[in-house]
Amino acid sequence: MEYSTFLAQNLLIALSLSGIYILIGVGVTLIFGIMHIANFAHGEFLMLGAFATYYFCVELFHLPYGFASLLSAFSVAMISLIVFRVIFQPLQGKFRATVTAALGLLLLLQSAGFLVFGIQEKSVPSPFPGTIRFGSMILPKERLMVIVAAFLLILGLLVFVRYTKPGRAMRAIEQNSSAAELMGVDVTGISRLGFIIGCTLAAIAGSLIAPLFLVEPSMGLIVVVKGFTIVILGGIGSVAGAIVGGLILGFMESFITLYFDSTLANIICWSLIIFVIVVKPTGLFGHAT
Amino acid sequence: MQHRRKFLIPAIVLGIVFILPILVHKNGYFLHLITIVTINVILAVSLRLVLLTGHFNLGHAAFAGIGAYTSAILATKLGFPFIVDLLAAGVFASVIACLLGFAILRLRGIYFALATFTFASLTRLVIIYWDSLTGGPAGIRDIPFPNLFGFEVVTRLGLAYLGLFLAAACLSIIYLIENSRIGKTFKAISQAPDLGESVGVNVTGYNILAFAVASFFAGIAGGYYSHYITYISADRFEVFMSVFILIYNIVGGEASILGPIVGTIFMTLLNEPFRGYTQYEMVFFSISLMVCILLLPDGLISIPRRIFPYMIRFVKACGVH
């Protein structure tokens, strides 16, 4: 294989990884920007989405993949609504309590996942098996599916946040929550909507990676760590920042893993985060609060 | 008289705690439990110093890990005596904390939490990656038992007592710090850092002091842990351990030093019925954590204050009839 082909192929794989990362990062940043909840349980919603897809696809109804992912996104949205009502709404405005509760939720969902789903790793059959030849490149179709789906979802979210009324309300709350409330914005309702959207995006990311990787109950922890990495790189509360952060992390990780090894990739990522937090805590696109 | 009564209850509690290992000395498992709870209490109470300054530290276990590895390496590779190991573990952990503190202690809230969380993950990875020094993923084996002035402490009873004495010493020092002028400054800069700065308090200096002292005790706890278990690996100091230490503080309550002590004992004993059913253990742990946070925002130590009015009413109601 030519080196340029090899490189192009890896660029595409890095891009699909970035797509997943952006879906997670955008959710984390949305939830933090609007409600100041550091949602450490965010990765668990991805895990739930992946498992729901697996169950709808393989164990329960043998639904087609697309329908199963829609159903899984809906189920996770319902779960996130319950979580918001029971845990985060009563604790609104208490920083320490919400962070601890989010960490507790992470522990709860992960351990409940082990209890209900078992420790056996699951895999979802690929909806698009095979590869596409593109010039001299050989590309797996499922990776392309991830890139396309992530791109459409992020575009949809950007349009939503920019042009719709609830989206505008979200930006208003992010800028100044009390002023927004005085102008008649239903802060609790919009917060609830933001929380559900963030968690649902994570669930969809879970559905997208279910055919690519093994599905297991502890997959959420590493995901949420990546999510916070992205958000710190891009700036907490900024959607554009999350997109750029996701691209940086996805490419950096893919290529360091390709040329060196994955532990070193993680060490470099962690060092970069500490560096960013120390030098510019607001990240690339964030603004001081 | 007043003075004597003030010390009566702590003295009784302390007495019970120190008799406890003898009462259960036939059961090795209970002695192990006592020692582990003691080490966790030192960790939780030392974290309290950082929490007092208003910083939400999500990586405290990293300093326990640094302490444990320092003392393990000094003991196995250089053959240092136990006391020197233990002090070196604390000192090294607090040196690292000072260096880190200079960089990150001006951050607050979520930024500080994430920075410490990242630091803890980084520490764990470095321990795994640097295998010529730390043994990599396999960890360090055959760490000698504590050796005090020529007596090697090898029985579980002895180790439990050594742990209790260590905890008593650490807790007393932390208690004295908290109630001194320094501790009051910690609380003050947590409430109004800018005001403190403007009246001439060296806010950064006090923040670093709190962080370094807390890490010193975390390092000592980690050092004792490595000598007690005699085998350590990076997995023992994973991210969840920091989370647990934090949870003990929040569940117990942040109002007094009793909070983390009560929180640690309560959350550890709560899991005992589930011993052997690890998967149920964590589900139960996290549910009880949630219930505590939602129903008792001021922690377990606020229970007496909460039920006191009802008790008075009950007593009065009984008295009328």
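Figures for the structure shown
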read-out	value
Helices (runs of 4 or more DSSP H) wholly inside the stretch B:5-118 that include at least 3 residues being of a type in the set (S, T, N, Q)	B:28-52, B:60-77
Qualifying positions in the stretch B:232-265 - facing chain A (nearest Cβ under 10 Å), part of a helix (DSSP H, G or I) and over 12 Å from the mean Cα position of the chain (by Cα)	B:239, B:240, B:250, B:251
Every residue from the stretch B:266-294 that is aliphatic (A, V, I, L, M) and either more than 10 Å from chain A (Cβ to nearest Cβ) or touching a residue at least 24 places away in the same chain (Cβ under 8 Å) (or both)	B:267, B:269, B:270, B:289, B:293
Failed criterion for residue A:39 (all others in (1) in a helix (DSSP H, G or I); (2) surrounded by 22 or more Cβ atoms within 10 Å (Cβ to Cβ) hold)	(1)
Residue list for the stretch B:245-255, filter: surrounded by 24 or more Cβ atoms within 10 Å (Cβ to Cβ), touching a residue at least 60 places away in the same chain (Cβ under 8 Å) and more than 12 Å from residue A:40 (Cβ to Cβ)	B:245, B:248, B:249, B:252
Verdict on residue B:299 being in contact (Cβ under 8 Å) with a residue 40 or more places away in the chain, more than 10 Å from every other protein chain (Cβ to nearest Cβ) and in contact with an Asp or Glu (Cβ under 9 Å, 6 or more places away or on another chain)	yes
Hey, residue B:155 over 30 Å from residue B:286 (Cα atoms) and in contact with a helix residue (DSSP H, G or I) (Cβ under 7 Å, 6 or more places away or on another chain) or not	no
Restricting the stretch A:255-289 to residues that are more than 20 Å from residue B:118 (Cα to Cα) and surrounded by fewer than 19 Cβ atoms within 10 Å (Cβ to Cβ), the residue that is modelled with the lowest pLDDT	A:289
Pick from the stretch A:76-112, criterion away from chain B (no Cβ under 14 Å) and touching a residue at least 40 places away in the same chain (Cβ under 8 Å), ranking: surrounded by the fewest Cβ atoms within 10 Å (Cβ to Cβ)	A:81
Members of the stretch B:126-154 found to be closer than 20 Å to residue B:92 by Cβ, in contact (Cβ under 8 Å) with a residue 12 or more places away in the chain and within 14 Å of chain A (Cβ to nearest Cβ), listed by number	B:127, B:128, B:134
Selection status of residue A:260, more than 9 Å from every other protein chain (Cβ to nearest Cβ) and within 18 Å of residue A:22 (Cα to Cα)	no
Count of residues meeting criterion [assigned to a helix (DSSP H, G or I) and surrounded by fewer than 16 Cβ atoms within 10 Å (Cβ to Cβ)] in the stretch B:183-215	9
Test result for residue A:50, part of a loop (DSSP other than H, G, I, E, B) and either crowded, with 24+ Cβ neighbours inside 10 Å or under 17 Å from the mean Cα position of the chain (by Cα) (or both)	no
Per-region count, the stretch B:127-157, residues small (Gly, Ala, Ser) and in a helix (DSSP H, G or I)	3
Filtered residues of the stretch A:210-246 (kept if more than 13 Å from chain B (Cβ to nearest Cβ) and hydroxyl-bearing (Ser, Thr, Tyr))	A:238
Extreme residue, nearest to residue A:206 (Cα to Cα), among residues of the stretch A:117-139 that are within 14 Å of chain B (Cβ to nearest Cβ) and surrounded by 12 or more Cβ atoms within 10 Å (Cβ to Cβ)	A:117
Conditions (1) of a type outside the set (Val, Ile, Thr); (2) in a helix (DSSP H, G or I); (3) away from chain B (no Cβ under 11 Å): number failed by residue A:284	(2)
Test result for residue A:249, within 21 Å of residue A:11 (Cα to Cα) and more than 10 Å from chain B (Cβ to nearest Cβ)	yes
Residue in the stretch A:116-137 that is in a helix (DSSP H, G or I), closer than 27 Å to residue A:83 by Cα, among the aliphatic types (A, V, I, L, M) and modelled with pLDDT under 90 present	yes
Verdict on residue B:93 being facing another protein chain (nearest Cβ under 10 Å), touching a residue at least 24 places away in the same chain (Cβ under 8 Å) and crowded, with 20+ Cβ neighbours inside 10 Å	no
Residue in the stretch A:148-184 that is farthest from residue A:202 (Cα to Cα), counting only those that are in contact (Cβ under 8 Å) with a residue 60 or more places away in the chain and of a type in the set (Val, Ile, Thr)	A:173
Criterion violated by residue A:273 - all others in (1) in a helix (DSSP H, G or I); (2) more than 14 Å from chain B (Cβ to nearest Cβ); (3) in contact (Cβ under 8 Å) with a residue 24 or more places away in the chain satisfied	(2)
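The values are calculated or read from the model by the stated rules, or taken from the named source; none is laboratory data. Keep in mind that this is a model prediction, so the values were computed, not measured. Cβ coordinates were reconstructed from backbone atoms using ideal geometry, including for glycine residues, and neighbour counts include every protein chain displayed.
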